[in-house]
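Have a look at the structure below, then the notes.
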């Protein structure tokens with residue numbers, strides 16, 4: 001019977017390790033006190049943005065995290081944890097988790113990583129409040145458009161001043 005359990009655990013560790021290898025970021029949360037409906041809703045919201053929310057045993061998570069970026073979070077793998085593995089946009093995932101934790105206070109963000117950086121709960125909150133990628137790209141494009149327009153206005157203003165000055169000199173000479 002233990003051989004079957006050990007085989008299942010090896011499969012779980014292998015699957016978890018594959019997910020951790022693919023993740024460019026991950027968030028560790030404590031879900032103690034959440035009911036099944038709340039957990040299902042959170043999973044659904046995260047799945048809609050391409051994030052997998054996994055409840056797993058801490059010992060299996062520590063084994064699977066060896067050699068991955070998630071190993072840096074080993075100190076946070078205690079208590080009833082669930083992890084959000086993010087392969088896409090980490091700000092969207094942080095936004096969903098942060099918003100859900102406001103609505104359901106029993107969900108607590110413990111830590112996370114983004115690239116090679118370990119994130120505190122405060123860092124994850126800051127990440128959640130960032131504008132979306134589309135908004136940032138829109139602002140950037142607006143800045144790129146504004147610079148040439150301003151340059152044209154400045155140059156046109158100087159040319160106009162020159163024309164007005166030459167016109168004033170012409171009038172003075174005409175009156176003299």
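The values are calculated or read from the model by the stated rules, or taken from the named source; none is laboratory data. Quantities reported herein were computed from a predicted structural model and do not represent experimental measurements. Cβ coordinates were reconstructed from backbone atoms using ideal geometry, including for glycine residues, and neighbour counts include every protein chain displayed.
Exactly one residue out of 74, 78 is touching a helix residue (DSSP H, G or I) at 6+ places or on another chain (Cβ under 7 Å), loosely packed, with under 13 Cβ neighbours inside 10 Å and under 18 Å from residue 119 (Cβ atoms), and it is 78.
With the structure loaded, tell me whether residue 79 is touching a strand residue (DSSP E or B) at 6+ places or on another chain (Cβ under 7 Å), at pLDDT below 90 and not assigned by TED's automatic domain parsing to the domain that holds residue 135 or whether it fails that test. The answer is yes for residue 79. Filtering segment 58-71 to residues that are at positive phi and crowded, with 16+ Cβ neighbours inside 10 Å leaves nothing. Looking at residue 106, is it under 18 Å from residue 30 (Cα atoms), in contact with a helix residue (DSSP H, G or I) (Cβ under 9 Å, 6 or more places away or on another chain), modelled with pLDDT of 90 or more and in the same structural domain as residue 15 (by TED's automatic domain parsing)? Yes.
Within segment 115-137, residues that are in the same structural domain as residue 84 (by TED's automatic domain parsing) and exposed (fewer than 11 other Cβ atoms within 10 Å of the Cβ) reach partners that are at pLDDT below 90 and in a helix (DSSP H, G or I) with beta carbons closer than 7 Å, at six or more positions or on different chains, in the pairs 116/69. If I filter segment 140-154 for residues that are in the same structural domain as residue 32 (by TED's automatic domain parsing) and over 20 Å from residue 39 (Cα atoms), do I get at least one hit? Checked segment 140-154: no residue is in the same structural domain as residue 32 (by TED's automatic domain parsing) and over 20 Å from residue 39 (Cα atoms).
Given the structure, is residue 13 surrounded by 19 or more Cβ atoms within 10 Å (Cβ to Cβ) and not in a strand (DSSP E or B)? Yes: the conditions hold for residue 13. Here segment 94-111 is the region considered, the condition is being over 20 Å from residue 36 (Cα atoms) and under 11 Å from the mean Cα position of the chain (by Cα), and the residue that is surrounded by the most Cβ atoms within 10 Å (Cβ to Cβ) is 94.
The set of residues in segment 20-33 that are part of a strand (DSSP E or B) and either surrounded by fewer than 12 Cβ atoms within 10 Å (Cβ to Cβ) or within 18 Å of the chain's Cα centre (by Cα) (or both) comprises 25, 26, 27, 28, 29. Scanning segment 34-56 for residues that are within 18 Å of residue 103 (Cα to Cα) and either surrounded by 13 or more Cβ atoms within 10 Å (Cβ to Cβ) or modelled with pLDDT under 90 (or both) turns up 34, 38, 39, 41, 42, 43, 45, 46, 53.
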